[in-house]
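Please read the structure below before turning to the comments.
The values are calculated or read from the model by the stated rules, or taken from the named source; none is laboratory data. The model shown is predicted, which means the values in this text are computed figures rather than measured ones. As a convention, Cβ positions derive from the backbone with ideal geometry for all residues, glycine included, and neighbour counts pool all protein chains shown. Just so you know, the surface numbers come from the protein's heavy atoms only, side chains and all, with ligands and any DNA or RNA stripped out. Shrake-Rupley method; radii C 1.70, N 1.55, O 1.52, S 1.80 Å.
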Amino acid sequence: MIPYTKTAVKLLMEGAKALAKVEGDGIRMDVEYLDRTIKKMSQKIQDLETNLKQNEVAKEWRKVYGAKTNFGSAVQLGKVLFDVLKYKSSALTASGRYKTDEATLSSIDLPFVRDYLEIKKLQKIHTTYLQGIRREIVGGYLHPFFNLHTTRTFRSSSDSPNFQNLPVRNPELGKMVRRAFIPRPNGHLVEMDYSGIEVCIAACYHKDPRMIEYISDPTKDLHRDMAMECFALPKSEMSNPTDEEDRKRIKQIRYCGKNMFVFPQFYGDWYRHCAASLWQATKQMKLKLRDGSSMRRHLAKKGIKNLSGFEEHLKKVEDFFWNKRFPTYNQWKKDWFRAYQKNGYLLTKTGFICQGHMRRNEIINYPVQGSAFHCLLQALIWFVRHDLKKRKMQAKIVGQIHDSIVADVPDNEMAEFVPLAKEIMIERLRERWKWINIPLTVEIEASPINGSWADKKGIKE
């Protein structure tokens with residue numbers, strides 16, 4: 001993907017300058033909390049590993065491998081579980097070895113396996129996130145890099161550390177990491193998220209009337225509806241939250257519908273992959289109903305007792321999704337693919353050209369994903385290079401994660417900043433790009449004054 005108009009080139013140049021300013025300002029970190037958490041996590045991992053090695057399965061492991069025993073070896077684990085203990089293997093790798101990924105191991109009801117997975121999860125949090133963040137802190141601030149040249153779709157990327165890869169699927173671990181991010185004194189961390197921006201931009205391409213209806217009518221929610229269909233839930237389970245905990249429960253389930261079915265389907269995935277992700281999420285994210293019962297138990301009552309049954313259910317959901325719910329969108333995908341085959345390239349709404357060898361799902365994905373990110377990039381440019389300067393505000397943009405912008409806002413500027421965010425990200429953007437002929441939505445959450453990013457809550461203008 002390359003820019004083919006002057007406005008596209010200008011967007012990239014100004015975007016790079018704006019993100020350089022974001023990097024330079026940095027985000028404040030609670031270093032003491034981070035150091036304490038790293039120490040506690042290290043001890044917890046050590047204790048779990050000690051207990052694991054005393055387990056009966058570990059003893060069988062040593063009988064097989066003796067001095068060559070390596071509890072970190074996935075190959076040895078597969079041999080012990082499936083050859084020695086005779087558990088049924090669901091799949092093999094391309095090289096013919098037993099699969100020991102999280103999805104496979106999660107299906108084995110064995111305390112040793114559960115502890116093994118817990119250790120692996122904590123090790124990733126400890127090494128990749130907590131220690132990875134700690135290494136990059138300078139003077140109490142983190143300065144991640146944000147790149148515009150490494151992703152083929154022209155979305156941004158981040159490194160040193162990867163600010164866009166903080167854990168979200170596990171709420172407990174996500175909070176543990178985000179609690180280390182804090183605002184400058186007497187301020188708030190404010191996250192502004194383009195709600196469903198890729199769905200909106202896709203609709204600007206395919207113009208499916210049912211999709212536009214979903215986007216234009218605030219009473220309708222595609223991600224909620226698909227979450228209900230995927231998990232066979234009544235609407236009562238996904239509406240009218242009773243308290244903050246219930247709101248979080250609903251948000252978790254909706255997150256699964258959005259990120260494990262709707263978006264994968266939009267970008268060319270199919271029901272079996274979606275089923276595997278959703279089935280794993282029911283356990284990993286501890287999804288539950290309003291009465292406290294587990295999602296797995298609910299599905300069992302519906303006759304869906306295992307992954308195989310869930311796949312059959314998702315197959316029907318997928319068929320209805322494309323052939324009944326969004327037939328115009330389905331036809332556009334076919335026409336868009338034929339146009340690429342004929343011309344060898346595609347033009348995006350934001351002035352870029354996609355060309356070269358692309359798979360079918362990339363042909364659908366790249367123009368939509370790239371254009372959606374360009375909406376956020378243009379808004380970020382206005383914040384950093386124009387409005388905050390012009391108004392002489394002390395608020396700073398300190399991060400960017402896919403469809404959201406993170407700001408550090410002094411308490412005395414909140415009343416001005418929140419409506420400014422709505423004006424920039426919704427009204428001004430639609431005025432700039434007339435092809436955005438459908439409403440855009442921005443969800444704004446903020447931490448309490450001097451609170452952490454983990455404590456953010458939704459706010460209204």
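Between the range 1-77 and the range 344-409, how many Å separate their Cα centres?
If we compute the Cα centre of each part, the gap is 26 Å.
Leaving ligands, DNA and RNA out of it, rank ARG391, ARG296, ARG249, ARG338 by accessible area with a 1.4 Å probe, largest first.
Largest to smallest exposure gives the sequence ARG338, ARG391, ARG296, ARG249.
If we count every other residue with Cβ under 12 angstrom of GLU245's Cβ, Lys/Arg +1 and Asp/Glu -1, where does the sum land?
+3
Which residues among the range 2-21 fall inside the zone where the amide N is under 16 Å from a point 7 Å beyond the Cα of TRP435, along Cα→Cβ?
Taking a point 7 Å out along Cα→Cβ of TRP435, the residues of the range 2-21 whose backbone N falls under 16 Å are 2-12.
Can you tell me the 0 to 90 degree angle between the C-alpha axis of helix 197-206 and the longest principal axis of the chain, rounded to 10?
That works out to roughly 70 degrees.
Which length gain, in nm to one decimal place, applies between THR5 and VAL84 when the Cα-Cα distance is subtracted from 0.36 nm times their residue separation?
Residue separation times 0.36 nm, minus the Cα-Cα distance, leaves 22.2 nm.
First compute the accessible area of the range 300-362 with a 1.4 Å probe, then give the percent of it belonging to carbon and sulfur atoms.
Its accessible area is 47 percent carbon and sulfur atoms.
Take the alpha-carbon centre of the range 122-180, take the same for the range 208-242, and report the distance between them in whole Å.
Each part reduced to its Cα centre gives a spacing of 31 Å.
Between the DSSP loop rule and a limit of at most 12 other Cβ atoms within 10 Å, which trypsin sites (Lys or Arg not before Pro) in the range 395-435 are left?
When the trypsin sites (Lys or Arg not before Pro) of the range 395-435 are filtered for loop state and at most 12 Cβ neighbours within 10 Å, LYS434 remain.
Once you have the Cα-Cα distance between TYR141 and SER107, take 0.36 nm times their residue separation minus that, and quote the gain in nm to one decimal.
8.1 nm
Rounded to the nearest 20 Debye, what is the dipole magnitude of the chain about its Cα centre when Lys and Arg each give +1 and Asp and Glu each give -1 at the C-beta?
The calculated dipole for the chain is roughly 1040 debye.
Of ASP408, ASP225, which has the most accessible area and how do the rest follow, probe 1.4 Å?
Highest to lowest solvent-accessible surface, that is ASP225, ASP408.
With every protein chain kept in place and ligands, DNA and RNA left out, what is the accessible area per residue of the chain? Probe 1.4 Å, answer in Å².
49
At 1.4 Å probe size, what's the solvent-accessible area of GLU445? Round to the nearest 10 Å².
GLU445 has an accessible surface of roughly 30 Å² with all protein chains in place.
Carbon and sulfur: what percent of the range 179-268's accessible surface (1.4 Å probe)?
It is 53 percent, rounded to a whole number.
Please work out how much accessible surface ARG62 shows to a 1.4 Å probe, ignoring ligands, DNA and RNA, in Å² rounded to 10.
90
At a 1.4 Å probe radius, which order do LYS124, LYS6 fall into by accessible area, largest first?
Output order, biggest surface exposure first: LYS6, LYS124.
Using the Cα centre as the reference, give the magnitude of the dipole from point charges on the C-beta atoms of the range 274-319 (Lys, Arg: +1; Asp, Glu: -1; all else neutral), rounded to the nearest 20 debye.
Result for the range 274-319 is approximately 340 debye, rounded to the nearest 20.
To the nearest 10 square angstrom, how much accessible area does ILE212 have with a 1.4 angstrom probe?
Looks like 50 Å² after rounding.
Work out how much length THR127 to ASN186 would gain on full extension: take 0.36 nm times their residue separation and subtract the Cα-Cα distance, in nm to one decimal.
Contour length minus Cα-Cα distance gives 18.1 nm.
Tell me the label-point distance for the pair GLN46, LYS59, using the 7 Å Cα-to-Cβ offset, in nm and rounded to one decimal.
2.6
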